[in-house]
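What follows is a single structure, written as structure tokens, with notes after it.
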Amino acid sequence: MQNNNHSSHQSAKKKVLPKRIIIVRHGESEGNLDTSAYSKTPDYKISLTEEGRAQARLAGSHLRDLISGNGSRPDWRVYFYVSPYERTRSTLREIGKSFSKKRVIGVREECRIRGQDFGNFQVEERMKVIKETREKVREGGEYSLAMNHTDEEMLEWGLSPDMIQDQKWRITGKKTDWNDHCTWYLRSFFDELDSKDDVESN
């Protein structure tokens, strides 16, 4: 009996792997149109343009068709991961309009999949220099602003408290230990999902 129970317990612990992982870039942002936006607005607060929102809605429709096999697969669901930026969150909200509640397992804001943080640079030329420097550092390994800068400096540059905490973690954290530190939530993004089983593609 003990062996059977142990076997059942082990089976229950087995993880179900996704059939596919799809990576989507955010829609057109204000920073894509005008890089001087970074001199007035913190990087993580840069928003989508109307065109960017339209792109995201279209991407959602295409994704749903792809995953569902254009409606030929009855049993499928999705789990979303999103980086902590206004433009990526907005992209996810627009994508989510193509999915019903039944199809969404959950949503997680995951700081480890974000790009570089450029904060809020008042001088555009200075921003270009910092970008070039960070690209070089990335080639040599993990980079952390917290190694050489205070919380106050990073806040002034436009990093959010969560981003600052992640910068500190990078100094001593091991990648093998980066597991499930981000909060799981669904309603924060998809508070108006259609309650019907399926949403018609546009």
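The values are calculated or read from the model by the stated rules, or taken from the named source; none is laboratory data. Only a predicted model underlies this, so the values are computations on that prediction, with no experimental measurement involved. When we count neighbours, we look across all protein chains shown, and the Cβ atoms used for this are built from the backbone with ideal geometry, even at glycine.
Some observations on this one:
- Residue check for residue 176: touching a Gly at 6+ places or on another chain (Cβ under 6 Å) and either at pLDDT below 60 or assigned to a helix (DSSP H, G or I) (or both): no
- The residue pairs whose first member lies in segment 146-168 and is part of a helix (DSSP H, G or I), whose second member is surrounded by fewer than 14 Cβ atoms within 10 Å (Cβ to Cβ), and whose beta carbons are closer than 7 Å, counting only pairs six or more residues apart or on different chains, are 146/171; 147/171.
- Residue within segment 72-94 that is over 23 Å from residue 159 (Cα atoms), under 19 Å from the mean Cα position of the chain (by Cα) and part of a helix (DSSP H, G or I) present: yes
- Filtering segment 34-64 to residues that are under 14 Å from residue 97 (Cβ atoms) and either over 20 Å from the mean Cα position of the chain (by Cα) or basic (Lys, Arg) (or both) leaves 53, 57, 64.
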